[in-house]
């Protein structure tokens, strides 16, 4: 559009200059007939000077128009670059006036508001239903009327058709570059809306996790402290060896419980932070034999058989050795803990996609009700046989996190009083 306008102006200038020159020449012809030579020269020079001035004016006019076009083009390019940056922001960014009418917005705004049509000219209060977390209505119009340079809060909820989002909002007043005092209805604001639902959810989960861990630690720490105090008293009174041994065993049991919880929390932390996320080629046969050698003695001490059942020519897998080993160790220790008689089996077999890793036992089993919650953090069954063995309630929760890091999902098959079977599949190694 600008180029068409410049072209018309240039054409008009050329026509005007041509017309002036033609009229000048016609005037010269008529004037020369009635004037002497000196006057003719004087008039000719004046007309020539006038024509020259028009020519210079035309050239300057063209140069000015060219400069204006280049300036406008640079301004358009800068505007487009800014719009590109704003449109690629994940936060919703809007420009509104003090009445709340939307003037400009980016694509993230439409996604956040759940809109698929033009919203310019609409009132932000009508399409953005914001409330405070205490369910009080948030009047964004009051912020505009107050005209504060900056406003921010992160305790808002945006209600949509199928969900509620936690929102952080920033409202920034646009400074007017002119010296004149702007009218109230001409104030402009930039509104930034940020979806912090995930962040707030993580914060709440962290707070809950810390609260539960503190609660779970309170009992074993108290028992450990009491046992050691009792042991100290018994030593001072030179109590019989049997009493000293009993107090020592109680303290040791609680210390082991605390150490197990710390190890579980450490494994969970590594998995969630992605520490050691290095994948390598793993030979399942070597891994199975190492696990068998590590836990065979513990099984024998409980009067259990630890069986190793490996298919011939097992496929190699590409995975994280640390996570895979910790995951299988969790299953094996659980099986040894909840199996009173019979056996625990380490079984690896090939599948169409790779290798199935399985730990099977003849233990107390898991009821259908408990199977629904057994992978939750700190969950422990009400079954008295589970309660008497002790445990942190973190092992299987950590296992789900480790499995997710390995890109697989744990499967569980169990029947009360008939044992349990935990298994998962990993893809085979490809060069």
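Between residue 161 and residue 281, the modelled label-to-label distance comes to 5.3 nm, taking each label 7 Å out from Cα in the direction of the beta carbon. Among 74, 405, a tally of other beta-carbon atoms within 10 Å of each Cβ gives an order, fewest to most, of 74, 405. Subtracting the Cα-Cα distance of residue 221 and residue 68 from 0.36 nm times their residue separation leaves 47.2 nm of extension gain. Note on residue 103 and residue 59: with the Förster distance fixed at 30 Å, the Cβ-Cβ geometry gives a FRET efficiency of about 0.15. Across the stretch 274-337, the relative contact order, built from alpha-carbon pairs under 8 Å that are at least six residues apart, equals 48 percent. For the stretch 290-322, the residues whose amide N sits under 20 Å from a probe point set 7 Å from the Cα of residue 249 along the beta carbon direction are 298-304.
Spin-label pair residue 132-residue 89: with each label point 7 Å from Cα along the Cα-Cβ axis, the two points sit 2.6 nm from one another.
Using a simple spin-label model with pseudo-atoms 7 Å out from Cα toward Cβ, residue 265 and residue 49 lie 9.8 nm apart. As a calculated quantity, the FRET efficiency between residue 353 and residue 290 at R0 = 25 Å, using C-beta atoms, amounts to about 0.55. Fewest-first ordering of 109, 64, 197 by other beta carbons within 10 Å of each residue's beta carbon gives 64, 197, 109. Here 122, 160 are placed in order of increasing Cβ neighbour count within 10 Å, fewest first, which gives 160, 122.
Readers should treat all values here as calculations from the given coordinates under stated rules, not as data from a laboratory. Computed from a predicted structure; not experimentally measured. Using ideal geometry, Cβ is built from the backbone for each residue, glycine included, and neighbour counts are taken over all protein chains shown.
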